[in-house]
Amino acid sequence: MLIQRSCARALSTHHRPLAPISSSSSSSSSSSSLLLRSAHSLSPSLSSFRFLSFPFSSSPSPSPSPSHKRSKLPLAALLEIGGVKIAKDDVVRESDPANNVPDSIFSKIGLQLHRRDNHPIGILKNTIYDYFDTNFPAKFAKFDDLCPIVSVKQMEGFRVFSPDEWAGSGMDGTSYAAMDLKKSLEGLAKHLFGAVDMRWVDTYFPFTNPSFELEIYFQEKWMEVLGCGVTEQEILKRNGRMDHVAWAFGLGLERLAMVLFDIPDIRLFWSNDQRFTSQFSEGKLGVKFKSFSKYPPCYKDMSFWISDAFTENNLCEVVRGIAGDLVEEVKLIDNFTNKKGMTSHCYRIAYRSMERSLTDEEINQLQWSVREAVQNKLNVVLR
């Protein structure tokens with residue numbers, strides 16, 4: 001399945017491996033699948049990698065007057081997509097500290113950018129499909145119409161091996177699956193990025209063991225491309241594959257599309273502005289985006305002492321919940337730990353409108369509201 005972390009201008013994705021195949025899956029000796037769906041999906045047969053992490057700053061501002069509070073447009077409480085009804089309350093839970101589906105994301109359900117052949121995300125998805133179709137003909141079934149719960153797309157792949165497939169290799173099943181996994185995904189990275197240096201990093205994901213991240217050296221730095229691993233045996237056993245092994249991977253489409261097409265702001269993916277949409281054509285991967293925004297950004301910094309429960313993902317969602325699409329980027333610019341063991345983070349928030357210049361008054365008001373929300377919701381102490 002294809003899923004990226006952003007309220008920021010880059011979406012960085014932390015990948016987690018595929019959850020179990022249902023017992024209704026095919027009973028053939030081996031099987032493979034590629035899925036495209038959102039970070040949280042409704043699927044009768046597969047629950048897959050859920051890697052979602054956003055790349056993500058502050059001076060006090062005067063408290064806004066009541067007359068300047070931002071108003072929000074009403075949001076539909078029930079959507080129906082592909083015959084499946086999705087209730088807002090099933091997705092957006094304000095009281096849940098782990099909630100990462102704000103109204104701004106819920107409202108974009110159903111746009112299906114991955115199914116638009118002349119959109120950067122659709123172009124990238126089709127390029128990945130082409131790689132597997134060419135190098136593994138008839139070995140992977142593809143799904144890209146699963147009902148989404150959020151609109152951030154992830155590509156996931158899953159391949160199952162029977163004992164006969166590794167019997168003559170001189171390796172055990174886990175080693176054979178890991179070897180095949182790395183060979184397949186190194187080929188994919190080369191297909192997308194060309195001849196680049198690569199390295200494998202051992203990591204942890206809840207449904208695979210061993211687990212890896214593939215990094216490439218791109219644009220003068222190491223960049224994570226995807227997460228993957230050998231599927232936990234318990235998952236296969238619960239689905240009737242007692243003697244089989246499998247591998248799984250997941251990668252974030254938005255994050256990689258931003259890198260490949262030089263798109264600086266994730267909000268552009270949902271834009272209908274012809275100055276954006278006309279720059280991309282079906283089958284042309286890596287066409288470099290030419291910026292057309294003429295409105296300057298406004299920067300505000302925010303520093304606070306963090307708690308053990310603090311995560312940048314939650315910070316990003318709080319900021320977006322207040323400022324919406326006016327937030328271009330939330331970036332960590334400084335951090336330190338004092339002698340008492342307390343850690344301070346400083347984040348820089350870039351505000352920018354795609355349609356107009358922002359005023360100091362409205363940005364000061366937003367920043368003040370952001371500071372209050374961050375302190376109240378994230379259990380941090382502002383500095």
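Put a dot 7 Å past the Cα of Asp301, heading toward its Cβ, do the same for Asp164, and the two dots end up 6.6 nm apart. Remark on Leu111: its backbone amide H falls under 5 Å from none of the residues 5 or more positions apart or on other chains, H modelled at 1.01 Å from N. Taking 19 Å as the straight-line reach from the Cα of Lys288, the aspartates and glutamates in range (excluding those fewer than 8 positions away in the same chain) are Asp117, Glu220, Glu254, Asp262, Asp265, Asp273. Over the stretch 250-383, the reciprocal of the mean inverse Cα-Cα separation, the Kirkwood hydrodynamic radius, stands at 16.7 Å.
Assuming R0 = 56 Å, can you tell me the calculated FRET efficiency for the pair Phe136 and Arg275, based on Cβ-Cβ distance, to the nearest 0.05? Walk me through the intermediate numbers first.
On the way: r = 38 Å, r/R0 = 0.68.
So, using R0 = 56 Å, E works out to roughly 0.90.
Normalised size of the stretch 111-261, defined as Cα radius of gyration per 2.2 N^0.38 Å with N residues, equals 1.08. In the stretch 193-209, which residues have a backbone nitrogen under 15 Å from the label point lying 7 Å from Asp172's Cα in the Cα-to-Cβ direction? Counting backbone N atoms under 15 Å from the label point, the list is 209.
Computed with every protein chain present, the accessible area of Ile363 is close to 0 Å² [probe 1.4 Å].
The values are calculated or read from the model by the stated rules, or taken from the named source; none is laboratory data. Small disclaimer: the values here were computed from a predicted structure and weren't measured. Quick reminder, even Gly has a Cβ in these numbers, built from the backbone with ideal geometry, and neighbours come from all protein chains shown. Areas reflect the complete protein model, heavy atoms only, side chains present, ligands, DNA and RNA absent. Shrake-Rupley method; radii C 1.70, N 1.55, O 1.52, S 1.80 Å.
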